[in-house]
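Have a look at the structure below, then the notes.
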Amino acid sequence: MSKVIEVKGLYYRYDGMDEDVLLNINLEIERGEFVLLTGASGCGKTTLCRCFNGLIPHFYGGDLRGEIQVAGFDVKKTPIHKMALKVGFIFQNPDSQLFSLTVERDVAFGLENLGVEREEIKRRVDWALEVVGMKEYRHSAPYELSGGQKQRVAIASVLAMNPEIIVLDEPTAYLDPKTSLKIFQLLDDLNQKLGLTVILVEHRLDLASRYASRLIVMSRGRIVLDGDPATLFHHKLEEYGVSTPRLIRFFRQLEKEGYSFDRLPLSTEEASTLLRRIIS
Amino acid sequence: MIEVVDVYYSYPNGFTALKGVSLTIDRGECVAIMGENGAGKTTLIKHFNGLLKPTKGVVLVDGDNTRDLSVAQLSRKVGLVFQNPDHQFFSETVEDEVAFALKNFGFQEDEIKRRVDQVLERMGLKQYRQSSPFNLSGGEKKRLAIASVIVFNPDYLILDEPTIGQDYLQKCEIINIIRSFLREGKAVVIVTHDLEFVVDLKPRVVLMSQGKIILDDYADRALTNLKILDDASLLPPQITELAYRILNSPSLEGILDEHDLMEIVKPLLKRG
C-alpha cells in the first residue's frame, strides 16, 4: 500500500488570528482508504481539508508549519492548479459548483481549462457521467436537476479530472435521506471499484459510517481519535461534540446490561445479527 | 392558529408545487414537515408569512386572510428562517442583522441592545458581532438566521432545515430553543430531512410528496409507518428499522429511539 497523504507535525494559523487552528496534526492515509472526518464546528476539519489541495497556504495565506505531502507533492511548494488535478473537492451545496448551461459543459470545464484534447475530453466526460449515473442528462441544464442529481454532476466534474483523492464537505446536507444514502453508495462504489481515496467530512454519522474504513475525530485543532469506526464508537464521542448514531447508543445500553461487543454495529443488518444472538 | 384550506400554488413557470393542501397548526404545537426534495415543503411554509399567496384556496393566520395583510405585518407574528441564510442577510455586521427586525418593529434602543446581546450569546455568535454575516461559516450563518428571527419572539416560528451544518451541541441548543418556544405556548414548524433530529423532538409529522400531504400524524405512528416513509423518500429511524428486522410484530408504533427499543428487548434478553 502506498501513502497518498502524509502529514507530520502540522500547525496552521489564519492571517490575523492569534491562535493556531491546527495543532500538531500527524496523519497518514493510504491509497484507497475511505475516511470519515468529523468533529464539532470549529474543530479544524475544514481547515485540514483545505491543506490537502493547497488552498492553504496558497489561497488563504496564513502560517503553515510542519510537513504535508499529498499525492507525492509537497503542498507548500506546489501551486493550487497542480494540486487540483490530484485532489477533487465537493461542497455542501452543489449550486456553488455548477455554472454552465449544460451538464456536459460543466463536467468538461476543468478539462478544457487544462487544454486537454477534444476527443479525450469527450471520452472522459462520457465516462464520468456514466459512473455517476447521469449520462441521460448530459444536455440538461443544471438548474433543471434535483439536488441529488446536481451533486452527482458535481462529483462527475471532479472525477473527469481523474483525481487520486476526493474530499467532500457534508455533500448531502441539502438532500433527502434516500437521496443521501444513494450518494454515499456512489462514493462507496468509487472507492471500491476505482480505488479512489475518499475523505468525507460529516456531522451526521448514522448513514455514512458503514461505508468508512476509518473514522477520524478532531477537537480543538487536534486529532483526538483515529481508527476503525466499529471499535472507535466505544468512545464517548459526545465529549467531542459529535453525535453518536442511535444504533450505537442502543448497543451501549446493552453493554450496561452486561453484554460486550468487540465491534459495534454500523448498519441495522449488522445490529440485527448481533442482537439475535442474545435474545430469545 | 394557521389554517391552510385546500391550497394550490403554481409558480410563474407553470410548475404546480402545491395541489390541494389543507392543514391546521395550533399555538403550542410542534410540527415537522418532511418529504423528498421538491415535494412542496418550502413552498408551503412561504405561505405562512404571506411571501407566497395561494393560486387557489386560502391561508388564515389567527383568522386573517394572508391576502389582506402585507409580509411585513405577518412577519411580526410568523418568523420564517430560510433554508439558505445567504438569501436573508443584507446588513454589514452580525449585530445589525440581528437588530434589524427589532428596529423595524420600533423597539427601544436599550431593549434592542439587551435582546441582541442575549440572542448572540445563546447562538454562540458573540465573538462575531462586528463581523460581516457573509464571512461566517455555513453553520454560523444558519445560527445567525435563527438568531435574527427568534430575537423578535414571533408567535409562530418556522424553520427551514435548521440543522444543516450544525454539530451535536448546536443541535441540542436548537432543540432547547424549540422547546422553550413551545413552553411559551408558541407554535414551531420545522421543515427537515434530519430524521434523528425529529426523533428527538417527537412532533406531529406532516409527510408531503409531489405537492400533497400524504400523512399527518404523531411521530410515534408516522415515523414507524415504513410503507408511507418509503413513498415520501424517507428512511425509517435506525431504531425503528432494527425493530422491524428483529421483531415479528405487525406494528412498530412508538419504537423510535434506543429507550423505546430497550423496553421491548429487555424482557427477551438471554441471561448468560
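The values are calculated or read from the model by the stated rules, or taken from the named source; none is laboratory data. Note that the coordinates shown come from a computational prediction; the quantities given were computed from them, not determined experimentally. Because the Cβ atoms are built from the backbone with ideal geometry, glycine has one as well, and the counts that use them run over all protein chains shown.
For region B:1-34, residues that are touching a His at 6+ places or on another chain (Cβ under 9 Å) and of a type in the set (Gly, Ala, Ser) total 0. Only strands (runs of 3 or more DSSP E) whose full extent lies in region B:129-213 are considered here, and the ones with at least 2 residues that are within 14 Å of another protein chain (Cβ to nearest Cβ) are B:204-209.
Can you confirm whether residue A:172 is surrounded by fewer than 23 Cβ atoms within 10 Å (Cβ to Cβ) and under 22 Å from residue B:193 (Cα atoms)? Against the criterion (surrounded by fewer than 23 Cβ atoms within 10 Å (Cβ to Cβ) and under 22 Å from residue B:193 (Cα atoms)), residue A:172 does not qualify. Among the residues making up region B:124-142, those that are crowded, with 18+ Cβ neighbours inside 10 Å and of a type in the set (Lys, Arg) are B:141, B:142. Screening residue B:91 with (1) polar (S, T, N, Q); (2) under 30 Å from residue A:43 (Cβ atoms); (3) part of a helix (DSSP H, G or I) gives one miss only, at (3).
Of all the criteria given as (1) more than 22 Å from residue A:148 (Cα to Cα); (2) at pLDDT below 95; (3) touching a Gly at 6+ places or on another chain (Cβ under 6 Å), the one not satisfied by residue B:157 is (2). Regarding residue A:202, is this residue touching a strand residue (DSSP E or B) at 6+ places or on another chain (Cβ under 7 Å), closer than 21 Å to residue B:237 by Cα and at the interface with chain B (Cβ under 10 Å from one of its Cβ atoms)? Considered against the rule, which asks whether it is touching a strand residue (DSSP E or B) at 6+ places or on another chain (Cβ under 7 Å), closer than 21 Å to residue B:237 by Cα and at the interface with chain B (Cβ under 10 Å from one of its Cβ atoms), residue A:202 comes out as no. A single entry from B:18, B:44 fulfils the requirement of being of a type in the set (A, V, I, L, M, F, W, C) and more than 15 Å from the chain's Cα centre (by Cα): B:18.
Which ones in region B:222-235 are touching a residue at least 40 places away in the same chain (Cβ under 8 Å) and more than 7 Å from chain A (Cβ to nearest Cβ)? B:232, the sole residue that qualifies. Being touching a strand residue (DSSP E or B) at 6+ places or on another chain (Cβ under 8 Å) and buried (at least 17 other Cβ atoms within 10 Å of the Cβ) is the filter here, so list the residues in region A:67-77 that pass it. Within region A:67-77, A:68, A:69, A:70, A:71, A:75 meet the criteria.
Taking first residues from region A:15-40 that are assigned by the TED database to the domain that holds residue A:203 and partners that are assigned to a strand (DSSP E or B) and of a type in the set (Asp, Glu), the Cβ contacts under 7 Å between residues at least 6 apart in sequence or on separate chains come to A:28/A:6.
Restricting attention to region A:35-66, the residues being more than 14 Å from chain B (Cβ to nearest Cβ), part of a loop (DSSP other than H, G, I, E, B) and either of a type in the set (S, T, N, Q) or surrounded by fewer than 24 Cβ atoms within 10 Å (Cβ to Cβ) (or both) number 4. Counting only helices (runs of 4 or more DSSP H) that fall entirely inside region A:170-280 and contain at least 3 residues that are over 27 Å from residue A:3 (Cβ atoms), charged (D, E, K, R) and at pLDDT 90 or above, the qualifying elements are A:246-256, A:268-278. In region B:240-269, of all residues being within 19 Å of residue A:206 (Cα to Cα) and surrounded by fewer than 16 Cβ atoms within 10 Å (Cβ to Cβ), the one that is farthest from the other protein chains (Cβ to nearest Cβ) corresponds to B:259. If we keep just the residues of region A:246-268 that are of a type in the set (D, E, K, R) and more than 9 Å from every other protein chain (Cβ to nearest Cβ), which is surrounded by the fewest Cβ atoms within 10 Å (Cβ to Cβ)? If we take residues in region A:246-268 being of a type in the set (D, E, K, R) and more than 9 Å from every other protein chain (Cβ to nearest Cβ), then A:262 is surrounded by the fewest Cβ atoms within 10 Å (Cβ to Cβ).
Residues in region A:205-223 that are more than 15 Å from residue A:46 (Cα to Cα) and more than 14 Å from every other protein chain (Cβ to nearest Cβ): A:211, A:212, A:213, A:214, A:215. Report yes if some residue within region A:150-162 is in contact with a Ser or Thr (Cβ under 7 Å, 6 or more places away or on another chain) and outside the structural domain of residue A:52 (by the TED database); otherwise report no. No, region A:150-162 contains no residue that is in contact with a Ser or Thr (Cβ under 7 Å, 6 or more places away or on another chain) and outside the structural domain of residue A:52 (by the TED database). With respect to being crowded, with 20+ Cβ neighbours inside 10 Å and of a type in the set (A, V, I, L, M), residue B:157 fits the description.
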